[in-house]
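J.: First the structure, which I've put down as structure tokens, then a few questions once you've had a look.
The values are calculated or read from the model by the stated rules, or taken from the named source; none is laboratory data. The shown structure was predicted, so the numbers you read here are calculated from the model rather than taken from an experiment. Counting neighbours? That spans all protein chains shown, and the Cβs are built from the backbone with ideal geometry, glycine included. Surface areas here come from the heavy atoms of the whole protein model, side chains and all, with no ligands, DNA or RNA. Shrake-Rupley method; radii C 1.70, N 1.55, O 1.52, S 1.80 Å.
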Amino acid sequence: MAFTEINIKPVSVNCIYTGKRFLSPAGKQYKKALAWMIPKVCIPDGKLHIRYRFYFSSAGSDTANAEKAFTDSLAEKNGFNDNRVYKIEMEKFVVPKGQEKIQFEILPYTSTSE
């Protein structure tokens, strides 16, 4: 499988939500943009393993916060519950401003410890 690329700046979950569950105006705009940009992809049955590559223009950006905001939209667009995700791998890259993006790959989860 290959990475799918979305040309959008990764945004922190702190910018998306106000309180625990309410979308901020910026969050509504971000999720609306992602709804158009994220393609429908083939989702394996069972447990999932997602690989992310986040391209930030700031070395201080937090991959964990960007992951949650994006995973929520990815799951919503592709019709799966994110409780099926058993493994997440993330890589962070620093790029010039304006070249931010997100790449993802969804694989079946396999574990040698089961």
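J.: For Arg51, what accessible surface area do you get with a 1.4 Å probe? Give it in Å², rounded to 10.
T.: Its accessible surface works out to 70 Å², give or take rounding.
J.: Then there's this: In the chain, which longest range has no chymotrypsin sites (Phe, Trp or Tyr not before Pro) that are both DSSP loop (not H, G, I, E or B) and surrounded by at most 16 other Cβ atoms within 10 Å? Spell out each step's value before the answer.
T.: Details: sites that count: Phe3, Phe80, Tyr109.
The reported range is 4-79.
J.: Another question about this same structure. Heavy-atom accessible area per residue, the chain, 1.4 Å probe: how many Å²? Write out the running numbers ahead of the final one.
T.: Values: 6880 Å² over 114 residues.
Value for the chain: 60 Å² per residue.
J.: Give me the percent of DSSP beta bridges within the chain that run antiparallel, rounded to the nearest 5.
T.: On the way: 13 of 22 bridges.
Bridges in the chain are about 60 percent antiparallel.
J.: Let me ask something else. Might you report the magnitude of the Cβ-based charge dipole of the stretch 1-88 about its Cα centre, with Lys and Arg at +1 and Asp and Glu at -1, to the nearest 20 debye?
T.: Values: 14 positive and 7 negative charges, 29 e Å.
That gives the stretch 1-88 a dipole magnitude of about 140 debye.
J.: How high is the FRET efficiency from Asn65 to Thr4, r the C-beta distance, R0 25 Å, rounded to 0.05?
T.: Working: r = 21 Å, r/R0 = 0.83.
E between Asn65 and Thr4, to the nearest 0.05, is 0.75.
J.: Which of Gly60, Pro25, Ile8 sits farthest toward the positive end of the charge dipole of the stretch 1-106, with +1 on the Cβ of Lys and Arg and -1 on the Cβ of Asp and Glu?
T.: Pro25
J.: Now, a different point. In a Debye calculation with equal point scatterers on the alpha-carbon sites of the chain and no solvent, what is log10 I(q)/I(0) at q = 0.11, 0.14, 0.20, 0.22 Å⁻¹?
T.: The computed values of log10 I(q)/I(0) come out as -0.35, -0.57, -1.13, -1.33.
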